[in-house]
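Trainee: Provided herewith is a single structure, encoded as structure tokens, for subsequent inquiry.
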Amino acid sequence: MKRLLAVTARELRERWLLFPASLVLGLNPLVFPAFGVDRREMPFVGVVAAVGLAAAAAVIMGSTMLARDAANGRLGFLFSRPLSWRTIWGGKWLAALVLVAGSGLLAAIPFMVVYPPGAPAGLPGSPVPLVSWLGVLAREHGWVFGLYALMLGVGVANLLATAYRSRSPWVVGDMVLAAAAVWIARRRVAPLWLLGGLQTPPPDLALAVVLLPLAIGLLAGSAAQVAIGRTDPRRAHLALSLTFWAVVYATLAGAAGRLAWIEAAGPADLRSYDMAREANGRWLFVAGESGRARWFGAGFLLDTTSGNYLQVTPSLSALALGAIDDRVPSFPQSLSFSADGRYAAFWEPDTARGSTALVRVLLSTGTPRRERVGLASTPPPGWWTALALSATGGHAVLVSEAMASLHELPAGRAAATCALAPGWRAMAIRFLDEDAARVWLVLRSGVPRPTTDDEIRILDISNGGGCRATAFTVPPTPSAPARPTVLTVDATGKRLLTSRDALALRDGATGALLSTLVDSGVMWGRFLGDGRIAAIAASESGSVLRIFSPEGRDTTTAALEHKPSVLGPEIAPGRVVVPLGWRWPQSLGSYVVDATDGRVVQRFHDLTPPLPAWWLGDFTQDPDLRTAARAVYLTDADGRLWRLDGRTGERRVVAGPGAPRGRRLD
Amino acid sequence: MSDATTGSAIQAEALAVRYGRTAVLEDVSLSVPRGSVYALLGRNGSGKSSLLRVLLGHRPPAAGRARLLGEDPWRRRTTLMERVGVVPEEPDAPPEMTAAQLSRFCAGVYRHWDAAAVAERIQRFEVPALRPFGSLSKGQKGALVLALALGHGPELLVLDDPTLGLDVVARDAVFGEVIGELADRGTTVFVATHELRAVEGIADHVAILHRGRLVLSGALESLKAERGLSLEQLFASVAGSRAADVHLAEVRP
């Protein structure tokens, strides 16, 4: 220790002038107000000065402590003494710590003593400003980031200075390795970060965790520089470089491995929250958060008979830093089945062409066959891209950021293309015919609305007929003026329900009001398979289930046991599921009501229907329950998706924890 | 008996040093008897400094084996430096430290440090004790580094061209007074130098490096007697006689 302190003292002696200079600079915030500068700006000025000074000290120390001494032949003085490499390395790093932290603190103390911190919300105040500042540093993990900044600042300066002063051809290797590391980090680490795969118990320390390997690499590299390189600048550079890159690449390999593990999630890893089924009952689209990463939304086309599956999740390699938010969704937003159950389709980014590609999966064969079709002249997909397949799967409608297009499959040729005004997105799509579709559009959330009326636009797009657009408005009710409109479209696309506190039946083609079913207090409405309409609404005594004829005539009103906010799916002709609550993942149970007489015919004490996320939109028609396979899908509190066979009563998990781990069919 | 206590102070066996693909030393073997004054001679670029770096544990050999006082200098450098004094070719002390500060620094890192003897030598060499090292003349720097190298009473003193750039008076101080005095006390002195004339009077063993290979080594008087040549002639016969080597030309009659 005595020798280590001797080395430290020598390093500090060389640079001692930095301490009084820091103190003098630190006094500036106390002097500036005398010249008319606003006192309220002084804490900021002080922080900037202290951080700037500490950063400068880190660069000075890092660039001189080893690299300069080796290049100038001065390290020989230490290596010719009975000083181990650990003593030399430790003494120099300790000096760096003292110098950088000391100069930063000396610059900070004067204004910390005089000015209180900028009082971030929720922080405890103190009559003594310095105590408040220390409180801020402690609560916001300021000391952790300070230590990191110090290590990174000194370490990076040492790395660069060593590379520069060594004049070694290996510098080219450094550059290549650095470029490759940035590329890998962008492709394989950034997605982990964005998906929440790097969670730490205090979330604000996640950055510290990410930077830890870098700090370790720099520290270990400088240790190798001293231990192996000793007085030879080139050898020192090579030792530093190889050690640093070994740590960096080992970390990148670890991160890439973790990302691959996350990407390899199967249906058994899901916490399911969204589901769609095809008419034949064999295939299921199920999507949800993966248990392997907090925000990794995985989607699968699942064969319920075998547990085998196709992954529908967009490639995570596209999810790099700078390509998030509105441009590349991290999980499938839209999957559509053809009404005959032969095809499923979803979109993917076509990065080569900068457009959208459609993946159509033939489900009618033993092993599903997928074909990728580039959709000509389409923009790249985004969060609000919507896709729907025609009844036979021979056409597809794609609604993107600024256009809607009808495509022939499998060619992908655009049969019709319509421009859309900015800010609109598809809420529902129905094929009226094999090559004619209708799209209902609403303004995206966050887009300013000119009036309190909600405007809905209807776009008819067809092969040969081009585009035909119309619009209507849904006024608010006095009791819920800010509530957004929810659209529900029937299987044919000819009728429409708008729910905005009041429930209205409208013409699907024009939006013209056919009947106001409920004046206010409506929570949810939906069409039943036979054309009737079911709705839940508030009543004086609680909630009621109301059933209307296809023309809008009130036929049945039944009191509900609770106050549900949504209405579940129709699971058998004329029978709807009413969830007791929908606070996923806490399943509260549900019960089945007969729409004809309002009678409860079945209860599920621990299961709830996996309700579709209404904000995503409605792009697949429900199967015709008169002919479709009789199966009910329900979720439990742990995110499992259960399949209840309507004929045999068999109950089994198909997705989520405990589901069979089937084979990936890609 | 082991080399640690008896036998050779320095031993090299088939030593090789390479910088990348460039070989600067090949198959060098030598043995420095304890208590001897051993001069390693060679022209510029012959590999003297590279050999010293390996012997002092500043880099490992590419091949072969080096022993300093019986121990591996690459692995045991720290403990060896308690017993070895080093005077480098370029004085390398921190420029902001004065002679007194440097002596205090060394006192903190050596187990035994004779501060009085160091102060006496500094005074004898007329080095200003309170002037920063960086502002001393080259001769003063060399003298100060030599004084520091002797402060812990080393068993072995290694000097790498210590008189390079020094005037005649300073050269005589190094070779005549110090090395002679140390040799009398039984300290092994290993000096790499160009100064054939200066070492001839004090060295009892010589080795000549030429283009990375040891071309001659042995007891100086024996070599001279065997071949009937002076040291300068010996050197010229094995290392060439091109007049480009200023130092060699300097010692020719």
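Trainee: So for chain A, averaging the separation of alpha carbon pairs under 8 Å that are six or more residues apart and normalising by length, what relative contact order in percent results?
Mentor: Details: 1451 pairs, mean separation 58.7, N = 666.
Dividing the mean separation by the residue count of chain A yields 9 percent.
Trainee: Straight-line reach only, C-alpha to C-alpha below 20 angstrom: list the aspartates and glutamates that A:LYS2 could link to, leaving out same-chain residues fewer than 8 apart.
Mentor: The qualifying aspartates and glutamates are A:GLU11, A:GLU14, B:GLU82, B:ASP114.
Trainee: Still on this structure, I have one more. Let me confirm one metric for peptide A:5-12, namely the mean number of other chain beta-carbon atoms within 10 Å of its residues' beta-carbons.
Mentor: That average works out to 3.
Trainee: Shifting gears a bit: Hey, got the average number of other protein chain Cβ atoms within 10 angstrom for residues in B:180-191?
Mentor: On the way: counts 0, 0, 0, 0, 0, 0, 0, 0, 0, 0, 0, 0.
Mean partner-chain Cβ count within 10 Å for B:180-191: 0.
Trainee: Can you list residues whose amide H is under 5 Å from B:LEU157's amide H, if they're 5+ apart or on another chain and H is modeled 1.01 Å from N?
Mentor: B:GLY85, B:THR188, B:VAL189, B:PHE190
Trainee: To the nearest 10 degrees, how steeply does helix A:2-14 sit against the main Cα axis of chain A, on a 0 to 90 scale?
Mentor: Taking the Cα atoms of chain A, the angle to A:2-14 is about 90 degrees.
Trainee: For region A:2-262, what's the relative contact order in percent, using C-alpha pairs closer than 8 Å and at least 6 residues apart?
Mentor: Working: 315 pairs, mean separation 61.8, N = 261.
Here the relative contact order equals 24 percent.
Trainee: What whole number of Å gives the distance from the Cα centroid of region A:366-437 to the Cα centroid of region A:501-571?
Mentor: Here the answer is 31 Å between Cα centres.
Trainee: Shifting gears a bit: Measure nothing fancy, just the Cα-based angle from helix A:85-114's long axis to the longest principal axis of chain A, in degrees from 0 to 90, nearest 10.
Mentor: Orientation of helix A:85-114: about 70 degrees from the principal axis.
Trainee: Per residue of chain B, what 222 nm ellipticity follows from adding -39500 (n - 2.57) for every DSSP H run with n ≥ 4, rounded to the nearest 500?
Mentor: Details: 11 runs with 83 residues, N = 253.
Here the helix-only value at 222 nm equals -8500 deg cm²/dmol.
Trainee: Tell me what chain A gives for mean residue ellipticity at 222 nm when only DSSP H runs of n ≥ 4 count, each as -39,500 (n - 2.57), the sum divided by the residue total, rounded to 500 deg cm²/dmol.
Mentor: On the way: 13 runs with 195 residues, N = 666.
Computed mean residue ellipticity for chain A: -9500 deg cm²/dmol.
Trainee: Can you grab the distance from the C-alpha centre of region B:77-97 to the C-alpha centre of region A:35-87, Å, no decimals?
Mentor: 25 Å
Trainee: Take the Cα coordinates of region B:96-150, assign each an equal point scatterer, and use the Debye formula without solvent to give log10 I(q)/I(0) at q = 0.24 Å⁻¹.
Mentor: With one equal scatterer per Cα and no solvent, log10 I(q)/I(0) is -0.87.
Trainee: Let me ask something else. In peptide B:67-77, how many Cβ atoms from other protein chains are near each Cβ within 10 Å, on average? Provide the component values of the computation, followed by the final result.
Mentor: Working: counts 0, 0, 0, 0, 0, 0, 0, 2, 0, 0, 8.
Per residue, the average neighbour count from other chains is 1.
Trainee: Additional query: Just round it to a whole percent: the fraction of Cα-Cα distances in region B:1-113 exceeding 20 Å.
Mentor: On the way: 3059 of 6328 pairs.
Roughly 48 percent, once rounded to a whole number.
Trainee: Checking understanding here: applying a Kyte-Doolittle mean of at least -0.5 and a length along the axis of at least 15 Å (C-alpha), which whole DSSP H helices in chain B pass?
Mentor: On the way: long enough: B:99-109 (16 Å, 0.86); B:138-149 (16 Å, 0.74).
Qualifying helices, which must be both long enough and hydrophobic enough, are B:99-109, B:138-149.
Trainee: To continue, here is another question. Semi-axes of the equivalent ellipsoid for chain B, please: Cα gyration tensor eigenvalues, times 5, square-rooted, ordered largest first, whole Å. Display every interim value, and only then the final one.
Mentor: Details: eigenvalues 159, 95, 60 Å².
Value: 28, 22, 17 Å, ordered largest first.
Trainee: Taking θ = phi - 60°, what integer Hz values does the Karplus form 6.51 cos²θ - 1.76 cosθ + 1.60 yield along region A:498-504, in sequence order, with x for Gly and Pro?
Mentor: Result, rounded to whole Hz: 10, 10, 9, 6, 9, 10, 10.
Trainee: Moving on. When DSSP assigns beta bridges and you keep just the ones with both residues in chain B, what percent turn out antiparallel, to the nearest 5?
Mentor: Numbers: 21 of 40 bridges.
Of those bridges, close to 50 percent are antiparallel.
Trainee: Compute the FRET efficiency between A:ASP433 and A:THR305 as 1/(1 + (r/R0)^6), taking r as their Cβ-Cβ distance and R0 = 35 Å, and round to the nearest 0.05. If you can, show how the numbers build up before the last one.
Mentor: On the way: r = 32 Å, r/R0 = 0.93.
Approximately 0.60, to the nearest 0.05.
Trainee: Here's something else I'd like to know. Restricting to the protein assembly as shown, what percent of DSSP beta bridges are antiparallel, rounded to 5? If you can, show how the numbers build up before the last one.
Mentor: Details: 146 of 167 bridges.
Given both bridge residues lie in the protein assembly as shown, the antiparallel proportion sits at roughly 85 percent.
Trainee: I've got another one for you. So what are the ³J(HN,Hα) numbers for region A:54-59, from phi and the Karplus equation (6.51, -1.76, 1.60; θ = phi - 60°), rounded to whole Hz, Gly and Pro as x?
Mentor: With coefficients 6.51, -1.76 and 1.60, one gets 4, 5, 5, 5, 5, 5 Hz.
Trainee: Any idea which of B:PRO128, B:TYR19, B:ALA115 is furthest toward the positive side of the dipole for chain B, if Lys and Arg beta-carbons carry +1 and Asp and Glu beta-carbons -1?
Mentor: In chain B, that residue is B:TYR19.
Trainee: Something else now. Could you work out, for the protein assembly as shown, what percent of all Cα-Cα pairs fall into each 20 Å distance bin, beginning at 0 Å and stopping at the bin that holds the largest distance?
Mentor: 12, 29, 21, 19, 14, 5, 0
Trainee: Give, to the nearest whole percent, the P(r) tail of region A:502-569 beyond 14 angstrom, counting all Cα pairs.
Mentor: Working: 1272 of 2278 pairs.
Tail of the P(r) past 14 Å holds 56 percent of the pairs.
Trainee: Please list the non-local residues whose amide H lies under 5 Å from the amide H of A:GLY341, H modeled 1.01 Å from N, same-chain partners needing a gap of 5 or more.
Mentor: A:ALA279
Trainee: If one takes the longest principal axis of the Cα atoms in chain A, at what angle in degrees, from 0 to 90 and to the nearest 10, does the Cα axis of helix A:129-139 lie?
Mentor: Rounded to the nearest ten degrees, it is 60.
Trainee: To continue, here is another question. Starting with the highest mean, order A:508-515, B:26-33 by the number of other Cβ atoms within 10 Å, averaged over the residues of each peptide.
Mentor: By packing density, highest mean first, the sequence is B:26-33, A:508-515.
Trainee: Please go through the residue pairs B:LYS138/B:LYS224; B:LYS48/B:LYS141; A:LYS92/B:LYS141; A:LYS92/B:LYS48 and name each one whose alpha carbons sit more than 28 Å apart in this structure. Before the final figure, lay out each step's value.
Mentor: Values: B:LYS138/B:LYS224 34 Å; B:LYS48/B:LYS141 22 Å; A:LYS92/B:LYS141 24 Å; A:LYS92/B:LYS48 30 Å.
Too far apart for the 28 Å limit: B:LYS138/B:LYS224; A:LYS92/B:LYS48.
Laboratory data are not the source of any read-out in this text; all were calculated from the coordinates shown. None of these values were measured; they are calculated from a predicted model. Cβ coordinates were reconstructed from backbone atoms using ideal geometry, including for glycine residues, and neighbour counts include every protein chain displayed.
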